[in-house]
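Trainee: Pasting a structure here, questions to come.
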Ligand SMILES: [Zn+2]
Ligand SMILES: [Zn+2]
């Protein structure tokens, strides 16, 4: 899968929002395009005042660039739900629950096995997919609301590309569930 320039530039801003500052090399690996393409995108974004170029990379301008969320608070940790990582659970007992990221989404899922449906947001493209079909990148250096951070991707190749740029471990739904079950110690706010 490849992004058109507008989508790619939007995604560069999202990555920077999560990461504050990135090198050309990291952006090249994350986006799967040439360094020249990254430079061209960065110049566009600098020209339009959305970005500051740094030595060998890019950073968001000093002013805060917050993405206010319309999705409300996470049912697990009560943090705001970022659009790029939102998780939705739907079940007969509790109706529709929203979580801030796959980390909280999976924890909620374990507490409420009646949830018949869980959807995660693809970190790269923003579309929602069945959690079961997604690939997960656990513990990368992309900062996220919860630790360890878990990013969801529709394509395993995308997850692996991010892994090359930002580290971490690529896991299937089953593997990441297993991992979280073995480390989980907190209780969701909703259920206490
Ligand atoms: Zn949460
Ligand atoms: Zn979270």
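The values are calculated or read from the model by the stated rules, or taken from the named source; none is laboratory data. Being a predicted model, the structure only gives us computed values, none of them experimental. Positions of Cβ are generated from backbone atoms using ideal geometry, with glycine treated the same way; all protein chains shown enter the neighbour counts.
Trainee: Just one of 176, 120, 142, 170 is in contact with a helix residue (DSSP H, G or I) (Cβ under 8 Å, 6 or more places away or on another chain) and assigned to a loop (DSSP other than H, G, I, E, B); which is it? Before the answer, list the steps.
Mentor: On the way: 176 fails: assigned to a loop (DSSP other than H, G, I, E, B); 120 fails: assigned to a loop (DSSP other than H, G, I, E, B); 170 fails: assigned to a loop (DSSP other than H, G, I, E, B).
142 is the lone residue from the list that is in contact with a helix residue (DSSP H, G or I) (Cβ under 8 Å, 6 or more places away or on another chain) and assigned to a loop (DSSP other than H, G, I, E, B).
Trainee: Name the residue, out of 101, 77, that is out of contact with any strand residue (DSSP E or B) (no Cβ under 7 Å at 6 or more places or on another chain) and under 13 Å from residue 146 (Cα atoms). Full working, then the answer.
Mentor: On the way: 101 fails: out of contact with any strand residue (DSSP E or B) (no Cβ under 7 Å at 6 or more places or on another chain).
Answer to the check: 77.
Every residue, every condition in (1) at pLDDT below 90; (2) closer than 23 Å to residue 31 by Cα, yes or no:
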position	(1), (2)
105	no, no
108	yes, no
132	no, no
137	no, yes
152	no, yes
155	no, yes
172	no, yes
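Trainee: For the condition surrounded by 13 or more Cβ atoms within 10 Å (Cβ to Cβ), under 17 Å from the mean Cα position of the chain (by Cα), at pLDDT below 80 and outside the structural domain of residue 158 (by TED's automatic domain parsing), what is the one hit in 71, 52? Explain how you work it out, then say what you get.
Mentor: Working: 52 fails: under 17 Å from the mean Cα position of the chain (by Cα).
Within the list 71, 52, the selection yields 71.
Trainee: Quick one: is residue 37 modelled with pLDDT of 85 or more and in the same structural domain as residue 179 (by TED's automatic domain parsing)? Full working, then the answer.
Mentor: Working: modelled with pLDDT of 85 or more: yes; in the same structural domain as residue 179 (by TED's automatic domain parsing): no.
In short, no.
Trainee: Report, by residue number, each residue of region 1-55 that is under 19 Å from residue 164 (Cβ atoms) and not in a helix (DSSP H, G or I).
Mentor: Correct list: 1, 2, 3, 21, 22, 23, 32, 33, 34.
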